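To keep things clear, I will list the structure first and then write my remarks on it.
The values are calculated or read from the model by the stated rules, or taken from the named source; none is laboratory data. Quick caveat: nothing in here was measured; it's all calculated off a predicted structure. Quick reminder, even Gly has a Cβ in these numbers, built from the backbone with ideal geometry, and neighbours come from all protein chains shown. Protein only, heavy atoms only, side chains kept; ligands, DNA and RNA dropped before computing areas. Shrake-Rupley method; radii C 1.70, N 1.55, O 1.52, S 1.80 Å.
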Amino acid sequence: MVVTVDKIKVAYFPVPKAANTSMKHLLHSIKTGEGFTTIKDEATGAIRHIHKEYKTPKFSTINPDDYQKFFRIAIVRDPVDRVVSAWRNRVMHHKELEGENIAERMASLGLRKTPTLQEFVDRLSEYRNVSKSISIHTDPLTDFLGKDEKYYNLIFNISDSQQIEAFFSTLTGEQKKLPRKQMGGPPADRSELTGELIKKLEEIYGDDYRVFGKFLSNKTDIEKVIYLARKHKSSLRGFFGRLRFLLK
């Protein structure tokens, strides 16, 4: 299931490389009143990680009707920038292409463990095929959010940290900050890609641009965000009031 916070009736639909980790930490703090701490079980070696606690499901695996009573939000990011971020963080920082489990297949395809950004984009489909993590972190927005932007009550651009904070601060009545997570990796941006490589990515992620294009470059109106938060907060009073009445 997607990430839900029942006490504020908000459902967040996560997308990898679009403030996913940061949002899960924020929502966990709202849900529990405390920060999330990664814990390793010394007996089993199992690690309690934020992404194990809160999943990132594909839209095709959920029932959209289950969230009709929630205020549904999502964060989107330009697909080219998402791929660049995947290279920076997953390839260069976490070194996910250096695992022994894919070494032989990488070698057979002539794929380098530490490709340049240009090499990574040029052979993206091959890198996606050999690494499940790379595939997940570069899957289209529509895989996680579906193909109907009207399903969502509010869609943020990844640059909307101020707007996201304003939404949850207004809704909860407490000052909320969006933590900065998964920032590791060398500096890089789309300016390092040739026009041909950018065009290649734009074609691969054509559905993302078609469905969410108007949200990918424009900041969300903060006055609209605060208005929607206040409106939802008002509806919560009525919802929980009716619930208390029914439980009497």
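Report the relative contact order of the chain, percent, no decimals, based on alpha-carbon pairs under 8 angstrom and at least 6 residues apart.
26
How much of the accessible area of the chain, probe 1.4 Å, is carbon plus sulfur, in whole percent?
Whole-percent figure for carbon plus sulfur exposure: 50.
Counting only DSSP beta bridges with both residues in the chain, what percent are antiparallel, rounded to the nearest 5?
40
Using only helices, what value at 222 nm comes out for the chain when you add -39,500 (n - 2.57) per DSSP H run of length 4 or more and divide by the total residues, to the nearest 500 deg cm²/dmol?
Roughly -14000 deg cm²/dmol at 222 nm, from the helical runs in the chain.
Cα to Cα, under 26 Å, and not fewer than 8 places away if on the same chain: which lysines meet these conditions relative to Lys224?
Lys7, Lys9, Lys17, Lys24, Lys31, Lys69, Lys147, Lys150, Lys176, Lys177, Lys214, Lys233
Tell me, in nm to one decimal, what length is gained between Ser234 and Glu119 on full extension, where the rule is 0.36 nm per residue of separation less the Cα-Cα distance?
Stretched fully, the Ser234-Glu119 segment lengthens by 36.3 nm.
Farthest toward the dipole's positive end in segment 111-248, which of Leu171, Ile226, Thr142, given Cβ charges of +1 (Lys, Arg) and -1 (Asp, Glu) about the Cα centre?
Checked the options; the winner is Leu171.
Calculate how large, on average over all directions, the projected area of the Cα convex hull of segment 5-102 is; give the answer in nm² to one decimal.
Over all viewing directions, segment 5-102 projects a mean Cα-hull area of 8.7 nm².
To the nearest 20 debye, what is the magnitude of the charge dipole of the chain about its Cα centre, counting +1 on the Cβ of each Lys and Arg and -1 on the Cβ of each Asp and Glu?
Charge dipole of the chain: 1200 debye, to the nearest 20.
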